[in-house]
Amino acid sequence: MLETTSKLRHAKKAAITAVFAATMASVLPCDAASLDHAVIGNTSGAAGEFSPTSDRSAKRMTPDFEQAMAVDAMLTGMSRTRSELGPALDQIRSCGAPQAGMTTLSNVAESRRNQLDSVRTLQVDALPGGVLVRSALEDALTMSLNADEAFIEWARHRSTDGCSASLTEDSAYQSGLSFSEHATQAKQRFVDLWNPVAQQYGLSQRTADDI
């Protein structure tokens, strides 16, 4: 009796195993060895397509990439600030709205002070030549801020003298032009250092006029 029961259990187990194997064979297009190869060794299937994406995601999480993104974001902010400068200077030169121009210049100068403070605290230790890049950007912002402050003083003169003084005779205006020239040179030194780094991380190339 016990022997008969044991044989029945064995037969039942064998039948279940056979059904499971047949089911798996109908679901999977390859045997176990092929499946292992597809997952581990094959680079043309789904696993191969996932790897580059994983590599890019991993790269974006590295300290150097995050630092490069922080510098790039700073440059974008500087570009927006600079776009406000030209119209304000035109308002003052033409004496169409010197007071409004001076207000805009004051806002630009305040933005640049904040940007300068932020640049000084940028983490760049993981970037290639990061310290030089930060120093060059700090120089560029410092010269730009000096120019802004000189032009603000010139705007005050224009507002109080009825725009009667010649631009060439206004010392504040001439100082603004001089600082602007130095700022352009500093910006060019910066972009010469920054653009190769930006290219390495797939970020936008910049010109001195952009910032």
Might you work out the accessible area of D209 for me, using a 1.4 Å probe with all protein chains in place, and round it to the nearest 10 Å²? 100
How big is the Kirkwood radius of the stretch 100-195, worked out from every pair of different alpha carbons and given in Å to one decimal? 14.4
With +1 on each Lys and Arg Cβ and -1 on each Asp and Glu Cβ, how big is the dipole of the stretch 62-183 about its Cα centre, in debye rounded to the nearest 20? 220
Dividing the surface of the Cα convex hull of the stretch 146-211 by four yields a projected area in nm² of 5.0
Under the Karplus relation with 6.51, -1.76 and 1.60 and θ = phi - 60°, whole-Hz ³J(HN,Hα) for the stretch 113-129, x at Gly and Pro, equal 4, 5, 5, 5, 4, 5, 4, 5, 9, 4, 7, 10, 5, 8, 8, x, x
In Å, what Kirkwood hydrodynamic radius results for the stretch 66-156 from the alpha-carbon pair distances? 13.9
So what are the radius of gyration and Dmax for the Cα set of the stretch 52-211, in Å? 18.3, 66
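The values are calculated or read from the model by the stated rules, or taken from the named source; none is laboratory data. Being a predicted model, the structure only gives us computed values, none of them experimental. Please note: Cβ atoms are built from the backbone with ideal geometry, for glycine as well, and neighbour counts cover all protein chains shown. Heavy atoms of the whole protein, side chains included, go into the accessibility calculation; ligands, DNA and RNA do not. Shrake-Rupley method; radii C 1.70, N 1.55, O 1.52, S 1.80 Å.
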